[in-house]
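This report refers to the structure that appears directly beneath it.
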Amino acid sequence: MNLRRVFPLLSILLTLGLAGCASNQSLQSADQMPWQPAAGADAEYSETADRLWQVFERYEGTPYRYGGTSVNGFDCSGFIATAFDEALGRQLPRTTSQMLAAGDAVNHDQLRPGDLVFFRIKGKDQHAGIYMGGDSFIHASTSVGVTRSSLNGYYWRGRLSEARRFD
């Protein structure tokens, strides 16, 4: 096997695996957060968070599937739409771009559990998740499926571009 041909291919595959509805990163402590959520937001919206956590626990580890909206596989917006429907009885737009065009814009320092967070990857908003409080969000990642990640994790830090609220 010619290693000079294999290494560039492996490098490309690794890069693709980290793009799009991307990777899972470990959670970091609150003292490492460059921003803080709104004071009291977590307590005030704990019922919303509890319902969303229940849906997350049901689907955690479900594989990523582009266009997916079921236990057979989710893409990022498919997981969000399913979670909102099952946990809160709310119908959301189906795609990330439709979600970005709907709801109310929220400042990053005013996030509360249940807000949608959008991430800029390769110059455009390509990924979304559900903010759950602290610095965590739940989403469907291409690398590990439905998972929980840190907004300040290695991959996600600096990529949060917008947040939307659907009341």
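The values are calculated or read from the model by the stated rules, or taken from the named source; none is laboratory data. These numbers were taken from a predicted model, which means no experiment stands behind them. Here Cβ is always computed from backbone atoms with ideal geometry, including for glycine, and neighbour counts include all displayed protein chains. Ligands, DNA and RNA are excluded from the accessible area calculation, which covers all protein heavy atoms including side chains. Shrake-Rupley method; radii C 1.70, N 1.55, O 1.52, S 1.80 Å.
Odds and ends about this structure:
- Annotation for the stretch 91-99: no member residue is surrounded by 16 or more Cβ atoms within 10 Å (Cβ to Cβ) and more than 24 Å from Asn72 (Cα to Cα).
- When we screen Tyr59, Tyr64 for residues that are at negative phi and touching a Gly at 6+ places or on another chain (Cβ under 6 Å), the only hit is Tyr64.
- Where Leu88 falls short, out of the listed (1) farther than 20 Å from Leu160 by Cβ; (2) among the aliphatic types (A, V, I, L, M); (3) open to solvent by 60 Å² or more (accessible area, probe 1.4 Å): (3)
- Test for Thr82: is it free of Cβ contacts under 8 Å to residues at least 40 places away in the same chain, open to solvent by less than 50 Å² (accessible area, probe 1.4 Å), touching a Phe, Trp or Tyr at 6+ places or on another chain (Cβ under 8 Å) and outside any strand (DSSP E or B): yes
- Test: residue in the stretch 124-131 that is open to solvent by less than 30 Å² (accessible area, probe 1.4 Å) and over 9 Å from the mean Cα position of the chain (by Cα): no
- Flag for Arg148 being within 18 Å of Arg112 (Cβ to Cβ), open to solvent by 10 Å² or more (accessible area, probe 1.4 Å) and in contact with a strand residue (DSSP E or B) (Cβ under 6 Å, 6 or more places away or on another chain): yes
- Residues that are of a type in the set (A, V, I, L, M) and crowded, with 23+ Cβ neighbours inside 10 Å were ranked within the stretch 102-117; the one that is nearest to Leu88 (Cα to Cα) is Leu116.
- Some residue of the stretch 32-45 being open to solvent by 90 Å² or more (accessible area, probe 1.4 Å), over 13 Å from Gly145 (Cβ atoms) and either of a type in the set (A, V, I, L, M) or modelled with pLDDT of 95 or more (or both): yes
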